[in-house]
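Since the structure comes first, as structure tokens, the remarks are kept for the end.
The values are calculated or read from the model by the stated rules, or taken from the named source; none is laboratory data. Please read all numbers here as calculations on a predicted model, not as lab measurements. Heads up, the Cβs are rebuilt from the backbone with ideal geometry, glycines too, and the neighbour counts pull from every protein chain shown.
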Amino acid sequence: MEHLSKILLAIFLLLTITGGSLFALQFAPSSNRGESLEVGDEGLGKDIIHFKLLVEGYGYIYKCQMSDVKCQMSGIEGARVTLYQLNEKSGEWERWLAEEYDQKNPQITNQKGEYGFIVPEGRYLLKVVKRGYLIREIGPFQPENNIVNLKIELVPLMVVFWRSWPWLLVVLLLFVLILLARKRGSKEARLNRK
């Protein structure tokens with residue numbers, strides 16, 4: 001899968017460099033980061049394009065599981081990741097039209113919690129939804145190298161409940177005390193009327 005990502009990125013770069021024309025290409029990434037690409041066309045001949053190949057990892061949706069006071073990141077499968085782009089004319093956030101770039105939006109994370117978008121320049125907002133977790137919105141942001149691959153932690157709803165339970169207990173106790181005081185006050189008012 002990682003090799004496929006490298007090839008797709010190389011094709012994306014080639015299409016960008018050539019203005020959308022598709023050429024036959026052949027290359028093997030080397031250990032040094034200076035790469036060259038031989039492109040050819042039967043009628044035009046061959047040319048060599050030198051470039052730097054940037055290999056970026058996928059974005060990662062995870063939950064934090066505490067282990068010895070350290071967070072063990074665990075990928076979340078099945079999270080829905082939706083990318084929104086700012087429409088500069090209207091000022092509104094609109095779902096990014098990934099289909100125009102042969103991608104999907106929203107994406108559903110795989111078993112490792114991975115997702116990723118290659119996007120044109122612009123301002124973006126990312127929304128992550130998974131049942132049983134708080135909804136996360138990240139942004140606005142401008143992606144580096146036109147790649148959206150953020151690491152995002154989702155917090156389980158039960159964690160939120162347990163973190164806030166002391167406050168819930170205080171509110172519940174206050175509610176019970178108010179009810180008891182009202183009941184006692186109404187009983188004393190009835191006794192005073194007699």
Pull up region 133-154, narrow it to residues that are within 22 Å of Glu77 (Cα to Cα) and hydrophobic (A, V, I, L, M, F, W, C), then point me to the one that is surrounded by the fewest Cβ atoms within 10 Å (Cβ to Cβ). Ile135
Top-ranked residue in region 115-132 [being charged (D, E, K, R) and at pLDDT 95 or above; ranked as nearest to Met73 (Cα to Cα)]: Lys130
How many residues are outside any loop (DSSP other than H, G, I, E, B) and either hydrophobic (A, V, I, L, M, F, W, C) or exposed (fewer than 14 other Cβ atoms within 10 Å of the Cβ) (or both) when one looks only at region 118-132? 5
Whichever residue in region 59-112 is hydroxyl-bearing (Ser, Thr, Tyr) and free of Cβ contacts under 8 Å to residues at least 40 places away in the same chain and, among such residues, is surrounded by the most Cβ atoms within 10 Å (Cβ to Cβ): Tyr101
